[in-house]
Structure formats: structure tokens, C-alpha cells
Amino acid sequence: MSGETNLFGVYLHAFLVTAVLAFVLTLMVHRLLVWLKVYRHVWHPALFETAVFVICWALVLNLPEYARS
């Protein structure tokens, strides 16, 4: 991914774009985990959510490498 993304004439850094995509993915995972009642077994929900966001962000950042193989 290049360093910038043009969004209606506004240049956004690639980290911002990937972080927003990871946040949307995190929201979807959060809804799934709430539906599955996983949070009853989680000791610290805020820390767990942060870890899920970091994992989703890593997946979004590495997505082009996964698509190549």
C-alpha cells in the first residue's frame, strides 16, 4: 500500500485508512462475540477489545501479502 490515499481530494495517511478498516472489523467481531456471549468469560473486556483491535489491524496491514500467495 502506498503512503497516502486520496479521498475526495484529501490525502490520508495509509495508517489512518488501515486503522479505520481495522476498527470496522473490530466492531463486527465485537458484535459476534456479544452474540456468542464470550464476554462472560473475559476478565478485562477493555483490554480484550484492545487486543482484538491490534489483531484486526495486523490482519488489515498484512492483507496484501495474503492476497499475493
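The values are calculated or read from the model by the stated rules, or taken from the named source; none is laboratory data. Just so it is clear, the model here is predicted, and its values are computed rather than measured. Reconstructed Cβ throughout: ideal geometry from the backbone, glycine too, with neighbour counts over all protein chains shown. Areas reflect the complete protein model, heavy atoms only, side chains present, ligands, DNA and RNA absent. Shrake-Rupley method; radii C 1.70, N 1.55, O 1.52, S 1.80 Å.
A few points about this structure:
- Count of residues meeting criterion [open to solvent by less than 70 Å² (accessible area, probe 1.4 Å), farther than 15 Å from ASN62 by Cα and not hydrophobic (A, V, I, L, M, F, W, C)] in segment 11-29: 1
- Scan of segment 7-27 for residues that are in contact with a strand residue (DSSP E or B) (Cβ under 9 Å, 6 or more places away or on another chain) and in contact (Cβ under 8 Å) with a residue 12 or more places away in the chain, ordered by number: ALA14, VAL17
- When residues of segment 30-69 are limited to those that are assigned to a loop (DSSP other than H, G, I, E, B) and of a type in the set (S, T, N, Q), the one most open to solvent (accessible area, probe 1.4 Å): SER69
- Screening MET1 against (1) closer than 17 Å to VAL54 by Cβ; (2) of a type in the set (A, V, I, L, M); (3) open to solvent by 100 Å² or more (accessible area, probe 1.4 Å); (4) at pLDDT below 95 leaves a single unmet condition, (1).
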